[in-house]
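These notes concern the structure reproduced below.
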Amino acid sequence: MASIISRWIDGGREHKKEIDMETIAAIETYGGVVTEQDPRWRAIVMRDKSADGTFYYSVRTTGVYCLPSCASRLANPKNVSFHPTREAAERAGFRPCKRCKPDRNDLQPATDVIRFAVSQSSYGPLLVGQSRKGVCAMLFGSDRDTLLHDLQERFPGVMLVDGDDKVKALAARVVAYVESPGDSPDVPLDMRGTEFQRKVWQALREIPAGSTASYTDVAKCIGLPKAARAVAQACAANNLAVLIPCHRVLRSDGALSGYRWGVERKRALLDRES
Ligand SMILES: [Zn+2]
């Protein structure tokens, strides 16, 4: 079926989605009703997976309730109601859709909003993401679209919001630190990982700029000298490039080993720090 790319701007961020002609025809046919003004309706039209778990919708004519991303034919918005929880939808007399199965238990509602800013650095574009707890993402990437995609993959179900001036100022501080490493910037970090990963990341933050350590050194430092391989895995799972300096960890023979954001970038970061 033919499709077009729909674009819209929300909170300063450009969104792009492919929508099919049937959906567009439905919007044109049913346009102008109140439901259509509701941002939740747009999530349904766009079959937005990131909205799953944040609300449910029911269709009066079929008696079922669905997830926003349900692949069924788009309902007439005149027949649609929104429900904050699946229990609320069931209390209102609706039964779960057999196609999207909104009553399954593995759905997680979207958790904190992440505000982000994309900046330029001599290592290429970088993205800084901030949750309510602190900086939760610092990613390198080739361009804004790739960075946003990476951010969404790492934090599924999270709502991404284009950052205001505060977030941009924070990103500028991170860029300044990346460009001239010294004392690490005094910003709270929201380190999301297992207890083991957080232990490793904390140990990495103790390695000063200009120094390096081996995976085995880090494993010894956290009291698990045989866990070098798991340390390497924790380095690979790091969402906070440079702020958690996993680039300062080398193989025991001094070889660079891998880097989530490219070995060339690792070499360039280390060169500048030394
Ligand atoms: Zn459904």
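Being over 25 Å from Asp52 (Cα atoms) and not in a loop (DSSP other than H, G, I, E, B) is a description that does not apply to Val161.
With respect to the conditions (1) closer than 28 Å to Val158 by Cα; (2) surrounded by 14 or more Cβ atoms within 10 Å (Cβ to Cβ), Ala236 falls short on a single one, namely (2). Residue count for region 102-121 satisfying the condition of being modelled with pLDDT under 95 and either loosely packed, with under 14 Cβ neighbours inside 10 Å or assigned to a loop (DSSP other than H, G, I, E, B) (or both): 12. No other residue among Val218, Val231, Val167 is of a type outside the set (Lys, Arg), assigned to a helix (DSSP H, G or I) and in the same structural domain as Ser122 (by TED's automatic domain parsing) apart from Val167.
Regarding region 67-74, can at least one residue be identified that is more than 30 Å from Leu147 (Cα to Cα), modelled with pLDDT of 85 or more, surrounded by 14 or more Cβ atoms within 10 Å (Cβ to Cβ) and within 26 Å of the chain's Cα centre (by Cα)?
Among the residues of region 67-74, not one is more than 30 Å from Leu147 (Cα to Cα), modelled with pLDDT of 85 or more, surrounded by 14 or more Cβ atoms within 10 Å (Cβ to Cβ) and within 26 Å of the chain's Cα centre (by Cα), which makes the answer no.
For region 122-148, the set of residues classified as among the charged types (D, E, K, R) and either at pLDDT 95 or above or part of a loop (DSSP other than H, G, I, E, B) (or both) consists of Arg132, Lys133, Asp143, listed by residue number. Leu224 falls short of the stated requirement of being of a type in the set (A, V, I, L, M, F, W, C), in contact with a strand residue (DSSP E or B) (Cβ under 9 Å, 6 or more places away or on another chain) and either assigned by TED's automatic domain parsing to the domain that holds Ser121 or without any contact (Cβ under 8 Å) to a residue 12 or more places away in the chain (or both). Comparison of Asp190, Asp162 shows that the only residue that is more than 30 Å from Gly210 (Cα to Cα), in contact with a strand residue (DSSP E or B) (Cβ under 7 Å, 6 or more places away or on another chain) and among the charged types (D, E, K, R) is Asp162. Looking across region 129-151, the residues that are farther than 23 Å from Asp271 by Cα and surrounded by 15 or more Cβ atoms within 10 Å (Cβ to Cβ) come down to Gly129, Gln130, Ser131, Val135, Cys136, Ala137, Leu147, Leu148, Asp150, Leu151. From the list Ala71, Ala75, Ala92, Ala171, exactly one residue is within 23 Å of Met191 (Cβ to Cβ) and hydrophobic (A, V, I, L, M, F, W, C). Which is it? None of the other options fit; the residue is Ala171.
The combined condition, being under 15 Å from Pro245 (Cβ atoms), surrounded by 15 or more Cβ atoms within 10 Å (Cβ to Cβ), outside the structural domain of Gly124 (by TED's automatic domain parsing) and free of Cβ contacts under 8 Å to residues at least 40 places away in the same chain, is not fulfilled by Ala209. Checked against the criterion of being within 12 Å of the ligand (Cβ to nearest atom) and either assigned by TED's automatic domain parsing to the domain that holds Lys166 or touching a strand residue (DSSP E or B) at 6+ places or on another chain (Cβ under 6 Å) (or both), region 110-125 contains not a single residue that satisfies it. Does Ser81 meet the test of being hydroxyl-bearing (Ser, Thr, Tyr) and either exposed (fewer than 15 other Cβ atoms within 10 Å of the Cβ) or not in a loop (DSSP other than H, G, I, E, B) (or both)? When the stated conditions are applied, Ser81 passes them. Might you check whether a residue that is touching a residue at least 12 places away in the same chain (Cβ under 8 Å), in contact with a Cys (Cβ under 9 Å, 6 or more places away or on another chain) and not small (Gly, Ala, Ser) occurs anywhere in region 166-189? Checked region 166-189: at least one residue is touching a residue at least 12 places away in the same chain (Cβ under 8 Å), in contact with a Cys (Cβ under 9 Å, 6 or more places away or on another chain) and not small (Gly, Ala, Ser). The single condition from (1) within 14 Å of the ligand (Cβ to nearest atom); (2) in a loop (DSSP other than H, G, I, E, B) that Ala89 fails is (2).
The values are calculated or read from the model by the stated rules, or taken from the named source; none is laboratory data. Just so you know, these numbers come straight off a predicted model, no measurement behind them. Cβ sites come from the backbone with ideal geometry, for glycine too, and all protein chains shown count toward neighbours.
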